[in-house]
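J.: Below is one structure. I have some questions about it.
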Amino acid sequence: MAVFTISNNSFVSASSQTQNATAGNETHTKYAFITKWGSKGTGPGQFNRPHDIAFDSTGNVYVSDRDNNRIQKFTPNGTFIKTWGSKGSNDGQFSIPYSIAIDNSDNIYVADRENSRIQKFNTNGTFLAKYGSDGVGNGQFHRPEDVRIEPRTGDIYVTDTYNNRVEKFDKNFTFITKWGSKGIGDGEFNGPAGLSIDRNDNIYVTDKNNNRIQVFTADGTFLTKFGSQGNARGQFILPEGIGVDMKTGLVYVADTGNYRIQVFRPVDSTISAA
């Protein structure tokens, strides 16, 4: 499959096949199915719209079981360990737990969307702290959807989705900065949903209702954007999840409304996979 240019020439697609000579030689990993677990339900190991997955330092798997309002913990091979949470607004309860992030000390952060807060737990599910309340002030949220942690500094980023902004905190959850407002211009959002961080600390945000990806420095300075509404290659319909491979620099986007995953390779000198 040939390489093609996206938007302002800062990203190109990466296929699972060998690319043509204009892209240079690249190695692509092939994947083989290993196992699966889970079914619809409310029992241990069952799910109702599982939304996000994270891993602790020993490889245990944590899943936000969204519509069951709980977190489930498994061994790496899918053996159920424990679950915690129920519907509500008390400490340790959830109202639509969205995304999960785990820091270098194995503390678990959950974006508790409808409660407009982030909750923090240890690996046993013991409640440790909560951050945020519903509002527009610094450190407040309105239905946040994603939380991510920069592994070297411990800085914490949250997509404050319905306030159309990203907020940044230090490892103690002290507010540092924020950026964004509602709109279609550079650095503006209409429903920022997913968030990811590359190895140069650049921040990638799925600007869901604007059908694009925006990229920023760690302090919120706009770098670039790519994508537009549609179903052609490099276009999106309501993109949500995003992940950046730290090793290769490849950017994976859950193109939700098109029912597909798209993969991009940065070629801009500022945003480099090298």
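J.: Is there a quick way to get the dipole size of the chain? I mean about its Cα centre, with the Cβ of Lys and Arg at +1 and of Asp and Glu at -1; what is the value in debye to the nearest 20?
T.: Dipole size: approximately 620 debye.
J.: Where in the range 233-257 does the label zone of residue 200 land, with the point 7 angstrom along Cα→C-beta and an amide N cut-off under 15 Å?
T.: Residues passing the 15 Å test: 244-251.
J.: Further question: Multiplying the sequence separation of residue 90 and residue 260 by 0.36 nm and subtracting their Cα-Cα distance, what value in nm do you get?
T.: Working: separation 170, 0.36 × 170 = 61.20 nm, distance 3.66 nm.
Difference between extended and current length: 57.5 nm.
J.: Could you compute how much accessible surface residue 147 exposes when probed at 1.4 Å, giving the result in Å² to the nearest 10?
T.: Counting only protein heavy atoms, residue 147 exposes about 0 Å² to solvent.
J.: To the nearest 0.05, how large is the calculated FRET efficiency for residue 67 and residue 174 if R₀ is 30 Å and r is the Cβ-Cβ distance? Please list the in-between numbers first.
T.: Details: r = 33 Å, r/R0 = 1.08.
Efficiency at R0 = 30 Å is approximately 0.40.
J.: Can you list the residues, at least 5 places off or on another chain, whose amide H is less than 5 Å from the amide H of residue 81, using H built in the peptide plane?
T.: 73, 74, 75
J.: Could you check how much of the accessible area of the chain is carbon and sulfur, as a whole percent, using a 1.4 Å probe? Intermediate values should be presented prior to the final figure.
T.: Details: 6190 of 12760 Å².
That fraction is 48 percent.
J.: Applying 1/(1 + (r/R0)^6) with R0 = 45 Å to the Cβ-Cβ distance of residue 56 and residue 232, what FRET efficiency is obtained, to the nearest 0.05?
T.: Efficiency for this residue pair is about 0.70.
J.: Beyond 16 Å, what percent of the Cα pairs of the range 114-195 remain?
T.: Every Cα pair in the range 114-195 considered, those over 16 Å come to 50 percent.
J.: What is the distance, in nm, between label points placed 7 Å from the Cα along the Cα-to-Cβ direction at residue 126 and at residue 35?
T.: My value for the distance between the label points is 2.8 nm.
J.: For the range 70-110 and the range 115-185, what is the separation of their Cα centres, given in Å?
T.: 16
J.: Related question: In the structure displayed, which of 30/247; 82/208; 82/120; 178/225; 130/168; 182/247 lie more than 26 Å apart, Cα to Cα?
T.: Values: 30/247 16 Å; 82/208 33 Å; 82/120 17 Å; 178/225 18 Å; 130/168 16 Å; 182/247 33 Å.
Listed pairs above 26 Å: 82/208; 182/247.
J.: Compute the accessible area per residue over the chain, keeping the other protein chains in place, probe 1.4 Å, unit Å².
T.: 47
J.: Just reorder 128, 223, 250 by solvent-accessible area, largest first, 1.4 Å probe, all chains present.
T.: 128, 223, 250
J.: Can you tell me how much longer the chain between residue 182 and residue 42 gets when fully stretched, taken as 0.36 nm per residue apart minus their C-alpha distance, in nm with one decimal?
T.: Separation in residues times 0.36 nm, less the Cα-Cα distance, equals 46.7 nm.
J.: Which whole-Hz couplings ³J(HN,Hα) result when phi for each residue of the range 52-57 is put into the Karplus expression 6.51 cos²θ - 1.76 cosθ + 1.60, θ = phi - 60°, listed in order with x for Gly and Pro?
T.: 9, 9, 9, 10, 8, 5
J.: Report the convex hull volume per residue for the chain, counting only C-alpha atoms, in Å³.
T.: Each residue corresponds to 126 Å³ of Cα convex hull volume.
The values are calculated or read from the model by the stated rules, or taken from the named source; none is laboratory data. Here the structure is a predicted model, which means the values were calculated and not measured. Neighbour counts are summed over all protein chains in view; Cβ atoms, including those assigned to glycine, are modelled from backbone coordinates with ideal geometry. Quick note on the areas: whole protein, heavy atoms, side chains included, nothing else; ligands and nucleic acids left out. Shrake-Rupley method; radii C 1.70, N 1.55, O 1.52, S 1.80 Å.
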